[in-house]
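The values are calculated or read from the model by the stated rules, or taken from the named source; none is laboratory data. All values derive from a computational prediction rather than experimental measurement. In this analysis, Cβ positions are derived from the backbone assuming ideal geometry, glycine residues included, and neighbour counts consider all displayed protein chains.
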Amino acid sequence: MKRYGLLVCLALGACSTGQDPEPDLVAIDVLLNPDPSMVNVVVGVNTRLRGNYPAGFALGADHAPHITVLQRFVRVEDLAQVSEAVEEVTRRMDPTGLQLTATGFYYNLHEALGLAGITVAPTPELLDFQAEIIAAVQPFSVRDGTGAAFVQNPNGIPISQSTVDNMNAFVPKSSGQNYDPHITIGLAEPDFLQSILEEPFAPIRFTPNSVSVYQLGDLGTARKKLWPQE
């Protein structure tokens, strides 16, 4: 346990150095990593979006394409136990066997831009997995976290309040019957996103490739992998 806790500490960059204080809370995302075929689809669309809005984020190692299962604030000191709880549920339920379907594009307004994604149809098996993950992480969940728990924006802009609010309200607002699985793909101008929305979309069947725990960044982006350790 001590070695595992040290690895998580190093991954977060939160180990005590005698200078900056350790953050108390971490904004985590228990997520499904799509299979390579689906990753290729979303990265391709992300490239189109950045052609319209070059300042938008690129999907990749620092912004992993994913399907959120659960977002929670947890204490840094509990990260090892959280990861072990997620690992136990993953081993028992093996969500990599799930058959999922991407159903279409969407976007939500974010200031003068739109934040776009691809919707994924919920299935009973996916809902069961989410319910088990929520129950496993619940003993470690903390309410009323702040933007300090996220990976900070490199440009110094504070974490958006909507990101913090969504995190605090994820259960029950985005769980159970309210669960809306999706893959966030990037930022662009609303008129451009509307044109994409009007394009035909053939449903895409895919499977999850694996389960991970990430520290979130702004807009719910998966920024820093915490578990499993490479």
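A few points about this structure:
- Test: residue in the range 192-206 that is in a loop (DSSP other than H, G, I, E, B), free of Cβ contacts under 8 Å to residues at least 60 places away in the same chain and on the phi > 0 side of the Ramachandran plot: no
- Complete set of residues in the range 46-87 that are of a type in the set (V, I, T), crowded, with 20+ Cβ neighbours inside 10 Å and farther than 16 Å from V211 by Cα: V74
- Test: residue in the range 162-181 that is in a helix (DSSP H, G or I) and hydroxyl-bearing (S, T, Y): yes
- In this entry, R72 is excluded by the filter for residues that are modelled with pLDDT of 95 or more, under 30 Å from I196 (Cβ atoms) and of a type outside the set (A, V, I, L, M).
- Residue match in the range 131-142 (condition: closer than 30 Å to L193 by Cβ and either part of a helix (DSSP H, G or I) or aromatic (F, W, Y) (or both)): no
Here's the yes/no breakdown for (1) polar (S, T, N, Q); (2) more than 13 Å from the chain's Cα centre (by Cα); (3) under 16 Å from T103 (Cβ atoms); (4) buried (at least 19 other Cβ atoms within 10 Å of the Cβ):
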{"position": "A188", "(1), (2), (3), (4)": "no, yes, no, yes"}
{"position": "L197", "(1), (2), (3), (4)": "no, yes, yes, no"}
{"position": "N209", "(1), (2), (3), (4)": "yes, yes, no, no"}
{"position": "Q229", "(1), (2), (3), (4)": "yes, yes, no, no"}
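- Selection within the range 99-114 - surrounded by 15 or more Cβ atoms within 10 Å (Cβ to Cβ) and touching a Leu at 6+ places or on another chain (Cβ under 6 Å): F105, Y107, L113, G114
- Of all residues in the range 59-95, those satisfying the criterion of being in contact (Cβ under 8 Å) with a residue 40 or more places away in the chain and assigned to a loop (DSSP other than H, G, I, E, B) are L59, D62, P65, H66.
- Single unsatisfied condition, S174 versus (1) in contact with a helix residue (DSSP H, G or I) (Cβ under 9 Å, 6 or more places away or on another chain); (2) more than 17 Å from A121 (Cα to Cα); (3) touching a residue at least 24 places away in the same chain (Cβ under 8 Å): (2)
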